[in-house]
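A.B. asks: Dropping the structure in here first, questions after.
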Amino acid sequence: MEVSLQAVDVRTGVLAGTYTAQEGFILETNKKSALPGHLEETLGRAARSLALKLKDQYFAPRAGTEPTEVIFEGKHEARDVWMVLGEIISRVGKNTRAVPVRFTSDRSVYNVWAEKGRDAVARALDSSRVVSGIFSVAREGEGIILREKGDRRPGGVGKFGRELSFYRNLPIPGAEKPENVRKVQTVAWEEEENNSGPKIANFAPVGEGILGKIDSPGDQDFFLFSLPDGTRRLTIQVEQSGPGEMRPRVRVFGEDGTFLNDEKAGARGGDLTFGFPVPDGTDKIFLCVEDHLGRYPSVFPYVLTVEGEKGKAGGEPP
């Protein structure tokens, strides 16, 4: 028998903590019999353990650190909050923790505990293009205020359906050499601007090429993919159609904003291909294509392709 206790914040529905243990019991069949003493002891021990865990998580001070209040003001979604907190943790360090504090209909407050201090949290938010695509960031006192930018509607990728030449060298108009074309590929779709954030991501199909371009330094292209049922693994490719300065970087998030993967090409002007297993229950992903350091635009368009592989749960072969 598995004993499991969960603590849930009743205002937000956030799972605050859990205690789970496997225990063996002999239960009486007589309806009038009380719970076996062993079960009562186990439930009491579970409750005490969970209470201590929550006390340590929410109230115990961290030696040598001070919390930074990160405050989300106005209308915002849980997905955007998780993206922001994930950016802070990935940029500041693994020992960084984000603890929910209080919530109202238009204000969410988190304490971010970071060994590197408040300035590191502020720098992480200031330097993140994922954050700046969703929120404006302002430092007020000892806290950081994030206010959502204007609401815009998402759209789908546009029909392209044309052949695209992939060049080895910079082509000279009117004097192109056939040996400079390494291949010609039919590309089905192209991105629709503006798709610089998750709220305005392009809906895109799995398994077909999508033409995109980093138009200016710091530009981000967001896409939202619905995965076919049974998808257990994804392979993602960003192939540049010619020589250029951009170093492709792809970040992948779950539909709720949870971080899934972050990969970049080995060098500027290179292509990027990687694969990773899909967490159970994932049916949609957000994907962001950008230049690694946000310094360079695309000289040539890139082609993004997301391929899904099916299989059985538990790593079994299909």
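A.B. asks: Considering only region 169-199, state which residues are closer than 14 Å to GLY156 by Cβ and in contact with an Asp or Glu (Cβ under 7 Å, 6 or more places away or on another chain). Even if it seems obvious, please write down each step before you answer.
C.D. replies: If we filter region 169-199 for residues that are closer than 14 Å to GLY156 by Cβ, which is where we start, we get 188-195.
The answer is ALA188, TRP189, GLU191, ASN195.
A.B. asks: Looking only at region 141-169, how many residues end up being within 21 Å of THR96 (Cβ to Cβ) and either β-branched (Val, Ile, Thr) or in a strand (DSSP E or B) (or both)? Give the steps one after another, and end with the answer.
C.D. replies: Just the residues of region 141-169 that are within 21 Å of THR96 (Cβ to Cβ), to begin with: 141-146.
Checking which are either β-branched (Val, Ile, Thr) or in a strand (DSSP E or B) (or both) leaves us with 143-146.
So the answer is 4.
A.B. asks: I've got another one for you. Of everything in region 246-281 that's within 8 Å of the chain's Cα centre (by Cα) and polar (S, T, N, Q), which residue is nearest to ILE200 (Cα to Cα)?
C.D. replies: Checking each candidate, the answer is THR258.
A.B. asks: Here is a list of conditions, (1) aliphatic (A, V, I, L, M); (2) in contact with a strand residue (DSSP E or B) (Cβ under 8 Å, 6 or more places away or on another chain); (3) in contact (Cβ under 8 Å) with a residue 40 or more places away in the chain, and VAL252 meets all of them except one; can you say which number that is?
C.D. replies: The failed condition is (3).
A.B. asks: Further question on the same structure: Counting only residues that are over 24 Å from ALA204 (Cα atoms) and touching a strand residue (DSSP E or B) at 6+ places or on another chain (Cβ under 7 Å), which one in region 150-171 is modelled with the lowest pLDDT?
C.D. replies: Top of the filtered list is ARG168.
A.B. asks: Can you tell me which residue among ARG247, ARG182 is over 30 Å from ALA78 (Cα atoms), basic (Lys, Arg) and crowded, with 18+ Cβ neighbours inside 10 Å?
C.D. replies: Going through ARG247, ARG182 in turn, just one is over 30 Å from ALA78 (Cα atoms), basic (Lys, Arg) and crowded, with 18+ Cβ neighbours inside 10 Å: ARG247.
A.B. asks: Six or more apart or on different chains, Cβ atoms under 8 Å: show the pairs whose first residue is in region 153-167 and exposed (fewer than 14 other Cβ atoms within 10 Å of the Cβ) and whose second is part of a strand (DSSP E or B) and among the β-branched types (Val, Ile, Thr).
C.D. replies: The qualifying pairs are GLY161/THR186; GLY161/VAL187; ARG162/THR186; ARG162/VAL187; GLU163/VAL184; GLU163/THR186; GLU163/VAL187.
A.B. asks: Still on this structure, please answer the following. Would you confirm, using the coordinates I've provided, whether VAL84 is in contact with a Lys or Arg (Cβ under 9 Å, 6 or more places away or on another chain) and modelled with pLDDT of 85 or more?
C.D. replies: Answer is no for this residue.
The values are calculated or read from the model by the stated rules, or taken from the named source; none is laboratory data. Since the model is a prediction, treat every value here as computed from it, not as a measurement. Ideal geometry is used to build each Cβ from the backbone, glycine not excepted, and the neighbour counts take in all protein chains shown.
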